[in-house]
Amino acid sequence: MQDAITNIVNKYDLTGRYLDPKAISELTTYFDTGLSRIIIAELINRNAASIVQDAARRLYEEQPELLRPGGNSYTTRRYAACLRDIEYYLRYTSYALIAGSNDILEERVLDGLKDTYNSLQVPIAPTVRAINCLKEVILEQLDPNDSYLIEEPFKYLTEGLG
């Protein structure tokens, strides 16, 4: 996993260049949003269980067929696996937020996930909706000026699965 700083520095190091105004601007933006990133990550950490519960509730209210016989969350074991996965998406999204980079989402979540879900016949659309439900729950608790910070990692996840 690399953070925004490492990504920027590595790019310039590989080409043997000094940081130019574009790189300095990217670093300045990362540092300027640092406190907001930490506050959001702390909010997620403090409320992780309720965020996952609220997201799952929204998903199953919209798609109750997932809980019925034949649905992918039918049986306690499958339901628990779904909640585990929702928590997993939330945790890794918080890492990406702090890092200011989506690399960890690619490395630890998306790499092979779509193929795995397809082989297990887990539908992708409800997964994407669950991720969007997580984002919605968090956005309701954030200062609207900071919403763009959380939008990016969730968008990256949903586009990667979609």
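The values are calculated or read from the model by the stated rules, or taken from the named source; none is laboratory data. For clarity, every value in this text was computed on a predicted model and none was experimentally measured. Here the Cβ is made from the backbone with ideal geometry for all residues, glycine too, and neighbour counts use every protein chain on show. We work out accessible area using only protein heavy atoms, side chains counted, and drop any ligands, DNA or RNA first. Shrake-Rupley method; radii C 1.70, N 1.55, O 1.52, S 1.80 Å.
If I take every Cα pair under 8 Å that is 6 or more residues apart in the chain, average their sequence separation and divide by the length, what percent do I get for the relative contact order? It would help to have the intermediate numbers written out before the result.
Working: 137 pairs, mean separation 45.1, N = 162.
Computed value for the chain: 28 percent relative contact order.
At 1.4 Å probe radius, can you tell me the per residue accessible area of the chain in Å²? Provide the component values of the computation, followed by the final result.
On the way: 9170 Å² over 162 residues.
In whole numbers, the chain has 57 Å² accessible per residue.
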What ranking, highest mean first, results for peptides 16-29, 46-59, 134-147 when packing means the other Cβ atoms within 10 Å averaged over each residue? 46-59, 134-147, 16-29
Net charge dipole size for the chain [Lys, Arg +1 and Asp, Glu -1 on Cβ; Debye, nearest 20]: 540 debye
Simple spin-label estimate for residue 119 and residue 18 in nanometres, 7 Å along Cα-Cβ: 5.1 nm
Picking from 150, 104, 38, which is most flexible by a Gaussian network model of the chain using Cα springs under 10 Å? 38
Pick from 88, 79, 148: which residue has the top mean-square fluctuation in a GNM of the chain where Cα pairs under 10 Å get a spring? 148
Which FRET efficiency, nearest 0.05, do residue 28 and residue 141 yield, Cβ-Cβ r, R0 35 Å? 0.80
Within straight-line cross-link reach of residue 11, lysines at Cα separation under 17 Å, skipping those fewer than 8 residues along the same chain: 22
Students often get this wrong, so try it: which of [x] 60, 35, 19; [y] 53, 40, 35; [z] 48, 41, 27 is Cα extents along the principal axes in Å as calculated from the structure shown? [x]
Given a 1.4 angstrom probe, I'd like the percentage of the accessible area of the stretch 85-162 that is carbon and sulfur, rounded to a whole number. 47 percent
Indicate the gyration tensor shape class of the stretch 99-162 (rounded, prolate or oblate), computed on the Cα atoms with a ≥ b ≥ c the square roots of the eigenvalues: a/c under 1.5 is rounded; otherwise a/b larger than b/c is prolate and the rest oblate. oblate
